[in-house]
1. Between residue 63 and residue 80, what is the label-to-label distance in nm when each label sits 7 Å out along the Cα-to-Cβ direction?
2. Multiply the residue gap between residue 105 and residue 70 by 0.36 nm, knock off their C-alpha separation, and tell me the result in nm, one decimal place.
3. Identify, among 78, 95, 112, the residue whose Cα sits farthest towards the positive end of the charge dipole of the stretch 44-115, taking +1 on the Cβ of Lys and Arg and -1 on the Cβ of Asp and Glu, with the dipole about the Cα centre.
4. Once phi is turned into θ = phi - 60°, what whole-Hz ³J(HN,Hα) does the Karplus curve with 6.51, -1.76 and 1.60 give for every residue of the stretch 88-105, x standing for Gly and Pro?
5. With a cut-off of 8 Å between alpha carbons and a minimum separation of six or more residues, what is the relative contact order of the stretch 44-115 in percent?
6. Assuming R0 = 22 Å, what is the FRET efficiency of residue 112 and residue 44, from their Cβ-Cβ distance, to the nearest 0.05?
7. Given the alpha-carbon gyration tensor of the stretch 70-116, what are the semi-axes of its equivalent ellipsoid in whole angstrom, ordered largest first, with each equal to the square root of 5 times an eigenvalue?
Amino acid sequence: MGVPVRLSFEIIWGRISMWRKGDEEIARLVPSSQSRHKPLFVMSVIPMTIVGVILGLFLTQRELSVMSGMGVVMLIGIVLNNSILYIDRTNQLRGKGYEVEESLIEAGKIVYVPYL
């Protein structure tokens, strides 16, 4: 017995609307960042964070619970904030005349020090 057509349509529509919401967030970030690429870089850390969480839960043999779900939401917020700071600092250093590789290394030293 297959999945009812209406149910499968609702699942697909939910996925489409989820992608549309992501597009809306990117569209909101573009004017404030004055670039088309920065919002894409910032939003690309979300899937990587989720993969890291799943891998961490798998390696520690833990289950996804309400508490770990809240931790995932907080971690995504921290990682998004950190990526915005990293990109901004890299752009500032590029404006001062640093090469791409030098600016990435220096921005990493400055932005990640509080986390260590």
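1. My value for the distance between the label points is 2.9 nm.
2. On the way: separation 35, 0.36 × 35 = 12.60 nm, distance 3.17 nm.
Extra length from residue 105 to residue 70 when fully extended: 9.4 nm.
3. Result: 78.
4. Using θ = phi - 60°, the values come out as 4, 5, 4, 5, 4, 5, 5, x, 7, x, 6, 6, 4, 5, 5, 5, 5, 5 Hz.
5. On the way: 29 pairs, mean separation 21.2, N = 72.
That works out to 29 percent.
6. Values: r = 18 Å, r/R0 = 0.83.
The value I calculate is 0.75.
7. Details: eigenvalues 120, 21, 8 Å².
Result for the stretch 70-116: semi-axes of 24, 10, 6 Å.
Just so you know, all these numbers are worked out from the coordinates, no wet-lab data involved. Since the structure is predicted, the reported quantities are computational estimates derived from the model, not experimental observations. Cβ sites come from the backbone with ideal geometry, for glycine too, and all protein chains shown count toward neighbours.
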